[in-house]
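Reviewing the structure listed below.
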Amino acid sequence: MVLRALRDDRRALLANPHWADQVDIQRIAFPRPRQQLVELLDEDHQWLPALVLGEGARSAAATRAESGRLVLTDPVAITGYLAKAHGGAAPHP
């Protein structure tokens with residue numbers, strides 16, 4: 001699940017439109033508290049953008065929330081993860 005602010009940069013999704021068929025993208029308002037993230041993860045993990053990894057998914061760049069779910073918050077790490085998992089354009093090194 002990718003949670004994004006309404007004002008977030010959408011270039012990666014524009015370059016990889018097929019990702020929208022592979023992940024649940026939810027656009028949420030930027031101001032805190034971001035209740036969707038608090039309920040899904042915890043109070044300390046309200047960063048945007050956020051990619052909440054599914055059951056069994058792994059990434060060395062992910063952090064573990066109190067809920068036990070793994071989450072990526074760095075846009076480059078998110079784009080790299082989605083490119084590796086679902087194909088498409090990845091960030092250049």
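The values are calculated or read from the model by the stated rules, or taken from the named source; none is laboratory data. Because the structure is predicted, anything quoted here is derived from the model rather than measured. We place every Cβ from the backbone using ideal geometry, glycine too, and count neighbours over all the protein chains shown. The accessibility values were calculated without ligands, DNA or RNA, using every heavy atom of the protein model including side chains. Shrake-Rupley method; radii C 1.70, N 1.55, O 1.52, S 1.80 Å.
Some observations on this one:
- Positions within region 19-47 being part of a loop (DSSP other than H, G, I, E, B) and either acidic (Asp, Glu) or closer than 21 Å to GLY88 by Cβ (or both), in sequence order: VAL23, ASP24, ASP42, GLU43, ASP44
- If you go through region 35-68 and pick out every residue that is open to solvent by 30 Å² or more (accessible area, probe 1.4 Å) and either polar (S, T, N, Q) or touching a Cys at 6+ places or on another chain (Cβ under 9 Å) (or both), you end up with 5.
- Residue that is farthest from ASP42 (Cα to Cα), among those in region 53-90 that are assigned to a loop (DSSP other than H, G, I, E, B) and among the aliphatic types (A, V, I, L, M): ALA89
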